[in-house]
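Note sheet for the following structure.
The values are calculated or read from the model by the stated rules, or taken from the named source; none is laboratory data. Remember, predicted model here, so these are calculated numbers, not experimental data. All Cβ positions, glycine included, derive from the backbone under ideal geometry; neighbour counts span all protein chains shown. Side chains included, ligands, DNA and RNA excluded: accessible areas come from the protein's heavy atoms. Shrake-Rupley method; radii C 1.70, N 1.55, O 1.52, S 1.80 Å.
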Amino acid sequence: MSGGQHQQCIACGSDMQTFIERISDDRYGCPGVYAIDRCVSCGHMSTMPRLTEEDLPALYSNYYPRREIDFDALEREAALVEKPLAGFRRWIAGTDNQGHYLAKPGQKVLDIGCGSCLSLLEMRKLGVECWGVEADPNVRMIAEKYDLRVHIGNIYDVPFAEQKFDLIVLNQVIEHVPDPLAMLAALKDRLNKDGRVILAFPNTGSFHRKLWKQRWINWHIPYHQNHFNRTSFALLARKSGYDVERIRTITPNLWSVLQLRTSQEQRHEGKASSTWSESSKSHKPPSFVQKLRNVAVSRGARLAGVMMALANRALDTMGQGDSLLVELRLSATKN
């Protein structure tokens, strides 16, 4: 780990000050205490002490959940993308906060951090040509089973070197990256003319972050190295040579369910959360509908779920949602 003193903001270059003095892994029980620094100008936040790319393999292999893949469940989930009203159902649930849903048939799409490969299976069903990059070697067996083009490694390996893409997608990835400027730079030569980079990541300007303060689930220390708001990410994108085409918020209802559940737990440094341990038993966290079926034992609970969905869609309309979805294009003006 790199150390100790305050650094300048990666987005705007201003000074950073301590925002949260003491915070630890409240999901998977990684030992150690961290802090969060906040930029005095744009509000960008960073986890301290900083991690490096070399720190990540041990961190993720030792503490991030290594899940047994339920192939039947994965295939059932992928099949939902072709069902009637699939887009409306994603909007209600807030699961449309993922960039690959913006791909059109025939487009070439690279998903960086493709995880369980659900996104690749969905895109294939929708007639999208897709490739994936994933650091977890356990994903290789999924790719082989479904004959998917997945590079085990990272974008700096220059995978699929001869291929350019209409869309490069990073779903809940950029916040994990120690050097997001280097990541954005690495993508520029991989885009077709008029290609886009689409990123989804937590929003520190959200209503829920302000409400839950240090108990906000999306601090996710130390796995999240950078914590963006609308302003700070726009500055970072422009600094990297991109124009922001669109930026909006989308709040997954499942995040709100998990936020409520974890808020009732006692936190202990170095101890895993029972909520997150339960959520990691399948190939991906259970869907909002599955979660509600588990907890909605009464008509009143079902009504509470509907009210939660409506509240989240209202927050998104006001730009106060928990996840940002950002569409970037290469800047028309060259430096």
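A few comments on the model shown:
- Full extension of the chain between residue 70 and residue 182 gives 36.9 nm of extra length, using 0.36 nm per residue less the Cα-Cα distance.
- Ordering 41-47, 179-185 by mean Cβ neighbour count within 10 Å, with the highest value first, yields 41-47, 179-185.
- Residues of the stretch 18-39 falling in the label zone of residue 6, defined by backbone nitrogen less than 12 Å from a point 7 Å along Cα to beta-carbon, are 18-20, 37-39.
- Count Lys and Arg as plus one, Asp and Glu as minus one, and take only other residues whose Cβ is under 13 Å from that of residue 244; the net charge is then +4.
- Residues in the stretch 217-225 carry Karplus couplings, in order, of 5, 8, 5, 6, 7, x, 5, 8, 8 Hz; the curve used is 6.51 cos²θ - 1.76 cosθ + 1.60 with θ = phi - 60°, and Gly or Pro positions show x.
- Unit charges at the beta carbon, dipole of the stretch 1-126: most positive-side option, 33, 118, 52: 118
- Compared with the alpha-carbon gap, the fully stretched path from residue 54 to residue 302 is longer by 84.7 nm at 0.36 nm per residue.
- Expressed as a whole percent, the accessible area of the stretch 49-136 that falls on carbon and sulfur atoms is 54 (1.4 Å probe).
- For residue 330, the amide hydrogen comes within under 5 Å of the amide hydrogens of 243, counting only partners 5 or more places away or on other chains and with H modelled in the peptide plane.
- Accessible area expressed per residue, the chain, with surrounding protein chains retained (probe 1.4 Å, Å²): 47 Å²
- Among the chymotrypsin sites (Phe, Trp or Tyr not before Pro) found in the stretch 58-120, not one is both in a DSSP coil and sparsely packed, with 11 or fewer other Cβ atoms within 10 Å of its Cβ.
- For residue 322, the residues whose modelled amide H falls within less than 5 Å of its own, excluding neighbours fewer than 5 places apart on the same chain, are 250, 251.
- Site pair residue 265 and residue 164 shows an inter-label distance of 4.6 nm when each label is modelled 7 Å from Cα along Cα→Cβ.
- Debye intensity ratio I(q)/I(0), log10, the stretch 214-253, q values 0.22, 0.30, 0.35 Å⁻¹ (C-alpha model): -0.89, -1.06, -1.14
- Label-point separation, residue 104 to residue 22 (7 Å along Cα→Cβ), nm: 5.5 nm
- The mean sequence distance of close C-alpha pairs (under 8 Å, at least 6 residues apart), as a share of the length of the chain, puts its relative contact order at 24 percent.
- Unsatisfied cross-links (Cα-Cα over 22 Å) in the set 104/125; 83/164; 104/193; 125/193; 104/164; 83/193: 83/164; 125/193; 83/193
- Each eigenvalue of the Cα gyration tensor of the stretch 34-157, multiplied by 5 and square-rooted, gives one semi-axis; in descending order these are 29, 21, 15 Å.
- Residues whose amide H falls under 5 Å from that of residue 192, counting only those 5 or more places apart or on a different chain, are 165, 166, with hydrogens built in the peptide plane.
- Helical mean residue ellipticity (222 nm; -39500 (n - 2.57) per DSSP H run of 4+; nearest 500) of the chain: -9000 deg cm²/dmol
- Near residue 20, once Lys and Arg are set to +1 and Asp and Glu to -1 for all other residues with Cβ below 10 Å from its Cβ, the sum equals +1.
- Residue ranges 51-58, 152-159 sort as 152-159, 51-58 when ordered by packing (mean number of other C-beta atoms within 10 Å per residue, highest first).
- Whether the chain is rounded, prolate or oblate, judged on the alpha carbon gyration tensor where a/c under 1.5 counts as rounded: rounded
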